[in-house]
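Please read the structure below before turning to the comments.
The values are calculated or read from the model by the stated rules, or taken from the named source; none is laboratory data. All figures in this text were calculated on a predicted structure; none of them were measured in a lab. No Cβ is skipped: glycine too gets one built from the backbone with ideal geometry, and neighbour counts run over all protein chains shown. For the accessible areas, the whole protein counts, side chains as well, though only heavy atoms, and no ligand, DNA or RNA atoms are used. Shrake-Rupley method; radii C 1.70, N 1.55, O 1.52, S 1.80 Å.
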Amino acid sequence: MALAALGCNPVLHCALGRDGHADQIKAACAARDIALIVDEQDAPTPHHLNIMDHQGGRYSIILSNGPENPVIDQERIKGAIQSAQTIFLSLCQSSKQLLPLLAHTKAEVLLDVHDYDGENPWYDDFIACADVIQLSDVSLAEPDVVVGRLLSGRARQVVLTKGAAGAEITTADARHVIPAMPARMCDSNGAGDAFSVALWYGLRAGLALDAAGEFAAAAAAFAIEDQSLFPPNVGPAQVRARQAQTKPSGTDPK
């Protein structure tokens, strides 16, 4: 949703059941002109229930994980992967089956590992493919240790989101502290994705890392204030205008 709002032309691959949840996803994507590659499954569409507090804290209750081994037509998606400039890798079973195809692409790969605890081996194959990794600090006892470990592999940039405390963007050279943008809490779903997408967008537009982080914080604020993951009437100009309201972020050399 955020990619489409920022004027990109995303193609979404997903494994969906033949049910009402799948119909909702297809309709939402059609409304935003988001191209879909769907592998239909006999199992229900994966879905979960999110419970949020007024500060945006969230608990997720999984109602359906979908099939353990979804049937994926790899030949059908291979061309899209090989021609992509950037791949936002989703943390799910259908994407795990596509990881071998990433060995043959020159695309930049971005990955959000959400509430990764720094130890669960299920994430390892995803992490090994990623150039940029984003994660939340919610399950991390020692965030700096985990960030350092992630940077010792393929990833050149790690983004640690900290809810209302903002985010930290760490590279081999520096750590950039990005304050959260003040926002009216409505629905925190999609805020992390909006931050990731807008950070990528800002960097590709030539912004310095701290300025791109502020642009991303402004985009995340728009997501928080909307119930549709990202508001369709918000584009780069609106995000830049909101960014102008922020104070400069701090940069701490490592």
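So here's what we get for this one:
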item: Odd one out for VAL132, checked against (1) touching a helix residue (DSSP H, G or I) at 6+ places or on another chain (Cβ under 9 Å); (2) open to solvent by 30 Å² or more (accessible area, probe 1.4 Å); result: (2)
item: Hits in region 86-137 - residues which are in a helix (DSSP H, G or I) and touching a His at 6+ places or on another chain (Cβ under 9 Å); result: SER94, SER95
item: Considering residues of region 70-85 that are part of a helix (DSSP H, G or I) and touching a strand residue (DSSP E or B) at 6+ places or on another chain (Cβ under 6 Å) only, the residue most open to solvent (accessible area, probe 1.4 Å); result: ALA80
item: Residue that is hydrophobic (A, V, I, L, M, F, W, C), open to solvent by 50 Å² or more (accessible area, probe 1.4 Å), closer than 24 Å to LEU89 by Cβ and in contact with a helix residue (DSSP H, G or I) (Cβ under 7 Å, 6 or more places away or on another chain), where the choices are LEU199, LEU207, LEU150, LEU160; result: LEU207
item: Inter-residue pairs, beta-carbon under 6 Å, first of a type in the set (Asp, Glu) and in region 215-243, second not in a helix (DSSP H, G or I), 6+ apart; result: GLU225/ALA183; GLU225/ARG184; GLU225/CYS186
item: Any chance VAL177 is aliphatic (A, V, I, L, M), outside any strand (DSSP E or B), open to solvent by 30 Å² or more (accessible area, probe 1.4 Å) and touching a residue at least 12 places away in the same chain (Cβ under 8 Å); result: no
